[in-house]
Amino acid sequence: MTNRFFITVLVIIALIGGAFALTKHKSHTNGSNGTSSSVQPTNHQEGGGKSGVVLIEYGDYQCPACGSYYPVVKQVVETHKDQITFQFRNFPLVQIHQNAFAGARAAEAADKQGKFWEMHDILYETQQTWGAASNPSTYFEQYAQQLGLDVTKFKADEVSQTVNDLINADIQEGQKLGANATPTFELDGKKMDQNPRSLDEFNKVIDDAIKAKTSNS
């Protein structure tokens, strides 16, 4: 990952004029009456977590900026896989990304069969394909089959109230943090005011957090 790549991404985002930011994010009910207060946010984690440092991304599978950060975050997590815990939570920007909530449902449905991260990766790697589709579910079913999932169960979970509530619980947790754009990163319980602008900068932020955590332990 080069700095030139990041500069290109940032220029594109600037030209769009902050289209990935929202002033208000409503829960998507999918025909329900909202999310039960007893539903907890998702807990999709990877990494050894030896240092105690926790990085959380609030992301939107259809968001181009999230798609650009995806390989960067993947490298950061791989570099620090023994030291940190990385967690992904859903924050679909439904006002501007018509297929975003559907993408989140596909990932959560895959999680019901133990394939969350595999679906997470496919969704970002094929973002431009399903993101522009009038019916993305066709693609999601193909991905489910590719991952060896029970497609019938996947389709049922995909439209279930349980999955819908989990996504809305993530959205509400992001709102509490102050997230209004994607990706939003939370490091050790605090919202990062500015996203790192390069792979090196992201690695340094994590390295500094690890040093601070371990020096105080």
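List of remarks:
- Checked against the criteria, Asp121 does not count as buried (at least 23 other Cβ atoms within 10 Å of the Cβ), of a type in the set (Asp, Glu), in a helix (DSSP H, G or I) and within 14 Å of the chain's Cα centre (by Cα).
- Test: Val205 is in contact (Cβ under 8 Å) with a residue 12 or more places away in the chain and open to solvent by 40 Å² or more (accessible area, probe 1.4 Å): yes
- Every condition in (1) of a type in the set (Val, Ile, Thr); (2) surrounded by fewer than 22 Cβ atoms within 10 Å (Cβ to Cβ); (3) within 16 Å of Ala179 (Cα to Cα) holds for Ile56 except the one numbered (2).
- Filter result (open to solvent by less than 40 Å² (accessible area, probe 1.4 Å) and of a type in the set (A, V, I, L, M)) within region 95-118: Ala100, Ala102, Ala104, Ala106, Ala107, Ala109, Ala110
- Sub-9 Å Cβ pairs linking a first residue in region 64-78 that is under 22 Å from Val94 (Cβ atoms) to a second residue that is at pLDDT below 95 and open to solvent by less than 10 Å² (accessible area, probe 1.4 Å), at least 6 apart or interchain, are Ser68/Phe6, ordered by first then second residue.
- Restricting region 159-179 to residues that are of a type in the set (D, E, K, R) and either buried (at least 23 other Cβ atoms within 10 Å of the Cβ) or in contact with a Ser or Thr (Cβ under 7 Å, 6 or more places away or on another chain) (or both), the residue that is nearest to Pro92 (Cα to Cα): Asp170
- Among the residues of region 70-101, those identified as over 20 Å from Asn135 (Cβ atoms) and within 10 Å of the chain's Cα centre (by Cα) are Tyr70, Gln87, Phe88, Arg89, Asn90, Phe91.
- Remark: Gln128 falls outside the filter, which requires a residue to be among the polar types (S, T, N, Q), surrounded by fewer than 19 Cβ atoms within 10 Å (Cβ to Cβ) and either outside any helix (DSSP H, G or I) or in contact with an Asp or Glu (Cβ under 7 Å, 6 or more places away or on another chain) (or both).
- Residues satisfying the criterion are absent from region 108-116 (criterion: among the small types (Gly, Ala, Ser), part of a helix (DSSP H, G or I), within 15 Å of the chain's Cα centre (by Cα) and within 22 Å of Ala179 (Cβ to Cβ)).
- Matching residues in region 131-156 - criterion: being outside any helix (DSSP H, G or I), open to solvent by 20 Å² or more (accessible area, probe 1.4 Å) and under 13 Å from Asn99 (Cα atoms): Ala132, Ser134, Asn135
The values are calculated or read from the model by the stated rules, or taken from the named source; none is laboratory data. Note that the structure is predicted; figures quoted are calculated from it, not measured. For neighbour counting, all protein chains shown are included, and Cβ atoms are generated from backbone atoms with ideal geometry for every residue, glycine included. Areas reflect the complete protein model, heavy atoms only, side chains present, ligands, DNA and RNA absent. Shrake-Rupley method; radii C 1.70, N 1.55, O 1.52, S 1.80 Å.
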